[in-house]
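Chemist: Have a look at this one.
The values are calculated or read from the model by the stated rules, or taken from the named source; none is laboratory data. Computed from a prediction, not measured in an experiment: that's the story for all the values here. Here the Cβ is made from the backbone with ideal geometry for all residues, glycine too, and neighbour counts use every protein chain on show. Side chains included, ligands, DNA and RNA excluded: accessible areas come from the protein's heavy atoms. Shrake-Rupley method; radii C 1.70, N 1.55, O 1.52, S 1.80 Å.
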Amino acid sequence: MATRVKRSNPTVIYLYGVTQKIAKDLGHTVGIDGASAVESLPLSGLTCWISRVSRTDFADQLQRNMENLDWLANATIHHQRVVSTIAQVADVLPARFATVFLNELSLAEDLESRKRILRADLKRIKNSDEWGIKVFRVQEKPEWPSTPVRTGKEYLKAKAVLLQRRPNQTSDSDIERFAGALKRIAVKTAEVGKVSGGQRGLQWQTSLLLRRADRRKLESLLKKFSEEWANRRQIEATGPWPPYSFVSRETAGTSA
């Protein structure tokens with residue numbers, strides 16, 4: 001009787017991020033695929049946080065899977081949860097979504113080639129978090145006169161009165177002043193991208209790398225400008241986040 005050989009499912013290494021070398025673990029944290037364990041792997045004096053996942057799903061057919069919006073949304077959520085969990089135990093340099101390596105050797109070679117840059121990044125983000133800041137124009141509701149408008153002439157007259165009642169819009173120099181104040185309390189700022197019509201009324205946005213000890217400075221600054229811009233502009237702040245925008249990406253090798 002022939003013996004059936006059980007073939008193991010080939011895997012690749014999925015990278016979530018890099019931290020200084022630490023002895024802590026994440027317990028039973030679930031990985032990118034919803035099943036694999038998250039491991040800490042010491043390399044080059046640093047710690048890589050990884051999962052061993054299906055080569056078929058995360059290398060051979062990765063591009064096709066990423067075109068499946070349901071798969072992509074689920075995987076993205078898992079990735080962000082793992083990075084956030086790592087950030088609770090150490091300052092982490094998050095890897096880009098879908099960063100995979102064929103084996104430990106290829107990961108070790110990549111890490112060794114970028115070790116100097118990674119150490120500089122880790123020094124910069126120490127005890128810091130990322131915050132997102134957006135400024136929106138407040139949409140005003142027209143307040144028409146209580147008396148009925150019967151003719152075109154009365155309409156134009158009422159509109160002219162309405163425009164006179166509107167407060168002066170905050171100037172670009174006010175936003176520049178706000179941006180300058182943020183830079184003075186931040187470790188670093190990062191451009192988020194051009195302001196587009198994707199969010200109604202969005203006029204300006206940035207990301208901050210902020211020391212945790214300076215969080216009250218940020219809160220005080222946001223309060224000051226919110227009061228100054230009352231009924232004209234609204235400030236939205238989100239965070240704290242792992243420092244996604246403050247990792248040196250241009251030299252990173254991240255493919256399997």
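Chemist: Provide the gained length on full extension for the span K217 to L41, in nm with one decimal, where the gain is 0.36 nm per separating residue minus the Cα-Cα distance.
Modeler: Answer, rounded to one decimal: 59.7 nm.
Chemist: Let me ask something additional. Using the Karplus curve 6.51 cos²θ - 1.76 cosθ + 1.60 with θ = phi - 60°, what ³J(HN,Hα) values do you get for each residue of segment 57-66, in whole Hz, with x for Gly and Pro?
Modeler: Coupling constants for segment 57-66: 6, 10, 9, 4, 10, 4, 4, 5, 5, 5 Hz.
Chemist: How charged is the neighbourhood of G27? Take every other residue with its Cβ under 14 Å from the Cβ of G27, and add Lys/Arg as +1 and Asp/Glu as -1.
Modeler: Result for the neighbourhood of G27: 0.
Chemist: Quick query: amide H of S248 versus all other amide H atoms, modeled in the peptide plane; which residues come in under 5 Å with a sequence gap of 5 or more or a different chain?
Modeler: none
Chemist: Which distance in nm do the two modelled labels at D33 and S248 give, with both placed 7 Å along the Cα-to-Cβ direction?
Modeler: 3.3
Chemist: Under 5 Å between amide hydrogens, which residues at least 5 positions from G17 or on another chain qualify, with H placed 1.01 Å from N in the peptide plane?
Modeler: Answer set, sorted by chain and number: W49, A95.
Chemist: Considering only Cα-Cα distances, which of the following residue pairs are longer than 21 Å: K123/K188; K126/K183; K115/K183; K24/K188; K134/K217?
Modeler: Too far apart for the 21 Å limit: K115/K183; K24/K188.
Chemist: Report ³J(HN,Hα) in whole Hz for each residue of segment 21-38, in order, from the Karplus equation J = 6.51 cos²θ - 1.76 cosθ + 1.60 where θ = phi - 60°; Gly and Pro get x.
Modeler: 5, 9, 9, 6, 10, 9, x, 9, 4, 8, x, 4, 8, x, 9, 6, 7, 9
Chemist: Give me the accessible area per residue for segment 1-95, probe 1.4 Å, as a whole number in Å².
Modeler: Averaged over the residues of segment 1-95, the accessible area is 59 Å².
Chemist: OK, next. Starting from the Cα gyration tensor of segment 58-122, take the square roots of the eigenvalues, sort them a ≥ b ≥ c, and report rounded, prolate or oblate (rounded when a/c is under 1.5, otherwise prolate if a/b is larger than b/c, else oblate).
Modeler: Oblate, because a/c is 1.5 or more while a/b does not exceed b/c.
Chemist: Pull up the cross-link candidates among the aspartates and glutamates for K223, meaning alpha carbon to alpha carbon under 16 Å and not fewer than 8 places away within one chain.
Modeler: D174, D214, E236
Chemist: Using 7 Å Cα-to-Cβ label points, what is the R64/A179 separation (nm, one decimal)?
Modeler: Using points 7 Å along Cα→Cβ, the separation is 4.5 nm.
Chemist: With θ set to phi - 60°, apply the Karplus curve 6.51 cos²θ - 1.76 cosθ + 1.60 along segment 111-120 and write out the HN-Hα couplings as whole Hz, x wherever there is a Gly or Pro.
Modeler: Running phi through 6.51 cos²θ - 1.76 cosθ + 1.60 with θ = phi - 60° gives 5, 5, 5, 10, 4, 5, 5, 5, 5, 5 Hz.
Chemist: For S128, what residues show an amide H to amide H distance below 5 Å, using hydrogens built from the backbone and excluding near sequence neighbours?
Modeler: Residues meeting the criterion, in which the H sits 1.01 Å from N, are R212.
Chemist: Going by average Cβ density within 10 Å per residue, which order do the peptides 132-138, 32-38, 111-117, 43-49 take, highest to lowest?
Modeler: The most tightly packed comes first, giving 43-49, 132-138, 32-38, 111-117.
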